[in-house]
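Visitor: One structure is given below, represented as structure tokens, and several questions about it will come after.
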Amino acid sequence: MENWLDTYFDVLNAKLYEIKRDTGVVLGFNVNIDKIIKISSNTFAGIITPEVANQLNLEEYPTHNIIENRLDFLSCLLQSIKYERADEVITNSQELCNWVEETFQVEESKIGGQAGIIANLYNELGMKQVLLSLPHLNNELYSLLNTDILAISEEGNDYSINKISSPNSDVKLPIYHYVFEFEPGSYIVGDYTIENRRANRFILSHDMINTKLEFSKGLLVHCDKFINRYSLAIVSGFHLVNKTMNSSMSFSEIFQQIKSMLIRWREINPDLCIHLEIASTRDQELRRTIVSILFKLVDSIGLNEQELISFIEMINQELADDLKKHLTPISVFNALKQILDKYPNLRIHFHYLGYFMILSKPITSKYAIKRRRGLILASLLAAIRVKGLDTISLEDVSNIPLDISIKGSRDLDLLYQYLKANYSEGINQNEMGVFYSHFFTLVGIPTIVVNKPKRTVGLGDLISSISILYESQ
């Protein structure tokens with residue numbers, strides 16, 4: 001543990017966490033409004049009667065991604081609490097959303113969607129060249145976005161890229177994601193008690209824009225004129241795609257324009273690093289489409305344990321079943337290795353409570369150390385965010401208590417012993433948390449522990465986006 005403290009202190013004392021604020025970044029394709037609802041152990045006392053409790057499904061995990069009634073919604077929410085996992089479902093029912101707003105207390109509204117969250121985060125850190133896909137910008141969204149963010153506007157056959165200065169639409173579209181943040185405790189539901197030990201969140205999305213995978217068309221039509229100025233693109237939001245909102249097109253048809261755009265970006269700017277931030281979806285066909293189309297077009301992916309389980313099912317069902325039963329650093333590594341074996345182009349960033357790790361094809365020692373610094377910076381900024389602060393800055397990192405996860409450190413030690421036993425040819429560890437072999441490089445760090453986290457939504461997006469930003473400059 002002392003060595004990990006030294007490693008963190010080395011980054012802090014030498015200010016090795018600085019980022020270049022003129023790095024050009026393109027972000028898309030989900031921006032929405034998060035309505036935050038706090039859930040505690042006594043929340044359901046006046047909501048779920050014994051009669052309703054008897055109708056809830058707390059055992060069988062639903063396979064569908066779209067829900068339309070209160071019972072399905074409450075079942076999914078309570079299962080998220082029971083199994084201590086982040087989850088998200090979609091609804092097309094305005095009636096259900098009205099009931100949610102009448103029944104639960106909305107604490108505040110914030111910018112949401114992976115692209116929206118990352119855009120505001122980068123702006124808080126002083127980034128000056130953040131281009132965000134904004135096909136619709138009404139008054140509600142405009143009031144929640146930092147106005148130094150850039151957007152592309154089409155002007156006849158031409159275009160311009162400017163800071164967002166005013167809404168481009170006065171239409172009030174449903175782009176609301178109800179974020180239920182729950183805390184550890186005993187949740188009594190009728191005669192049933194759910195014991196929860198881990199703070200997390202559940203999202204109910206009522207979204208008529210991101211479910212259609214709409215994006216600023218100038219990013220495709222005019223990309224040959226500007227994409228060379230950018231070194232990083234982060235794409236996300238694909239888990240929200242809904243066939244019924246797309247005239248019953250197939251997923252392959254819905255993704256065709258995105259596919260064409262990413263291919264075009266790569267042709268124009270071969271040095272552009274494209275990162276895909278993954279989110280969970282129960283729809284197996286959608287997951288299969290994301291894997292088959294996007295994994296070979298991007299350079300990097302970011303995911304947590306639930307997302308790893310759901311997406312490894314598309315590659316190796318046996319490994320997915322093993323992860324569900326035994327989520328250990330060794331089972332996680334084996335799942336990541338399966339993805340890397342099938343898609344060797346990928347840098348795979350896994351973030352979990354206690355440790356982060358990145359698996360990729362072999363890289364140099366110098367680059368591995370840079371990658372480790374990026375993970376440490378992500379850990380520091382994540383610790384600031386979970387304390388509930390609305391804004392964060394690089395100046396705040398030196399004030400974070402370095403309470404490094406003992407379990408995370410032990411997990412990485414256990415994984416290293418496994419690697420040494422199973423990849424003895426060429427395996428070595430010259431630096432803390434960096435594992436080299438002829439076949440891959442693994443970089444892992446234990447994270448900072450924050451007791452009683454106040455904010456968890458968007459945390460994975462922060463971790464992935466800070467790490468890849470640091471690496472790409």
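The values are calculated or read from the model by the stated rules, or taken from the named source; none is laboratory data. Computed from a prediction, not measured in an experiment: that's the story for all the values here. In this analysis, Cβ positions are derived from the backbone assuming ideal geometry, glycine residues included, and neighbour counts consider all displayed protein chains.
Visitor: Quick one: would you say Arg229 is surrounded by fewer than 23 Cβ atoms within 10 Å (Cβ to Cβ) and closer than 15 Å to Arg264 by Cα?
Guide: yes
Visitor: Here's a follow-up. If I ask for residues that are surrounded by fewer than 15 Cβ atoms within 10 Å (Cβ to Cβ) and of a type outside the set (Asp, Glu), which ones from the range 264-287 would you list?
Guide: If the condition is that a residue be surrounded by fewer than 15 Cβ atoms within 10 Å (Cβ to Cβ) and of a type outside the set (Asp, Glu), then Ile268, Pro270, Gln284 are the ones that fit.
Visitor: Name every residue in the range 1-53 that is in a loop (DSSP other than H, G, I, E, B), of a type outside the set (Lys, Arg), more than 30 Å from Glu107 (Cβ to Cβ) and touching a residue at least 24 places away in the same chain (Cβ under 8 Å), in order of residue number.
Guide: Met1, Leu16, Tyr17, Glu18, Ile19, Asp22, Thr23, listed by residue number.
Visitor: Now a separate question. I'd like the full set of residues that are out of contact with any Leu (no Cβ under 9 Å at 6 or more places or on another chain) and either part of a loop (DSSP other than H, G, I, E, B) or under 16 Å from Val26 (Cβ atoms) (or both), limited to the range 135-153.
Guide: Passing the criteria: Pro135, Asn146, Thr147, Asp148, Ser153.
Visitor: Name every residue in the range 154-168 that is out of contact with any strand residue (DSSP E or B) (no Cβ under 8 Å at 6 or more places or on another chain) and outside any loop (DSSP other than H, G, I, E, B), in order of residue number.
Guide: Glu154, Glu155, Asp158
Visitor: Can you confirm whether Leu276 is in contact (Cβ under 8 Å) with a residue 24 or more places away in the chain and assigned to a strand (DSSP E or B)? Break it down into steps so the answer makes sense when it comes.
Guide: On the way: in contact (Cβ under 8 Å) with a residue 24 or more places away in the chain: yes; assigned to a strand (DSSP E or B): yes.
So Leu276 fits the description; yes.
Visitor: Of the residues in the range 376-417, how many are part of a helix (DSSP H, G or I), touching a residue at least 40 places away in the same chain (Cβ under 8 Å) and loosely packed, with under 15 Cβ neighbours inside 10 Å?
Guide: Total meeting the criteria: 4.
Visitor: Another one. For the range 176-188, state whether one or more residues are acidic (Asp, Glu), at pLDDT below 90 and either buried (at least 18 other Cβ atoms within 10 Å of the Cβ) or over 18 Å from Met208 (Cβ atoms) (or both).
Guide: Within the range 176-188, one or more residues are acidic (Asp, Glu), at pLDDT below 90 and either buried (at least 18 other Cβ atoms within 10 Å of the Cβ) or over 18 Å from Met208 (Cβ atoms) (or both).
Visitor: Quick check, is Val443 among the β-branched types (Val, Ile, Thr) and farther than 30 Å from Ile39 by Cα? Talk me through it step by step, then tell me what you get.
Guide: Working: among the β-branched types (Val, Ile, Thr): yes; farther than 30 Å from Ile39 by Cα: yes.
Here the answer is yes, as Val443 does meet what is asked.
Visitor: Across the range 83-134, what is the total count of residues that are in contact with a strand residue (DSSP E or B) (Cβ under 7 Å, 6 or more places away or on another chain), more than 21 Å from Leu276 (Cβ to Cβ) and acidic (Asp, Glu)?
Guide: 3
Visitor: Taking the range 246-263 on its own, how many of its residues are buried (at least 21 other Cβ atoms within 10 Å of the Cβ) and touching an Asp or Glu at 6+ places or on another chain (Cβ under 9 Å)?
Guide: 1
Visitor: Looking for whichever is at pLDDT 95 or above, within 16 Å of the chain's Cα centre (by Cα), within 15 Å of Gly444 (Cα to Cα) and not hydroxyl-bearing (Ser, Thr, Tyr) here; the options are Ile358, Ile290, Ile274, Ile301. Which one fits?
Guide: Answer to the check: Ile358.
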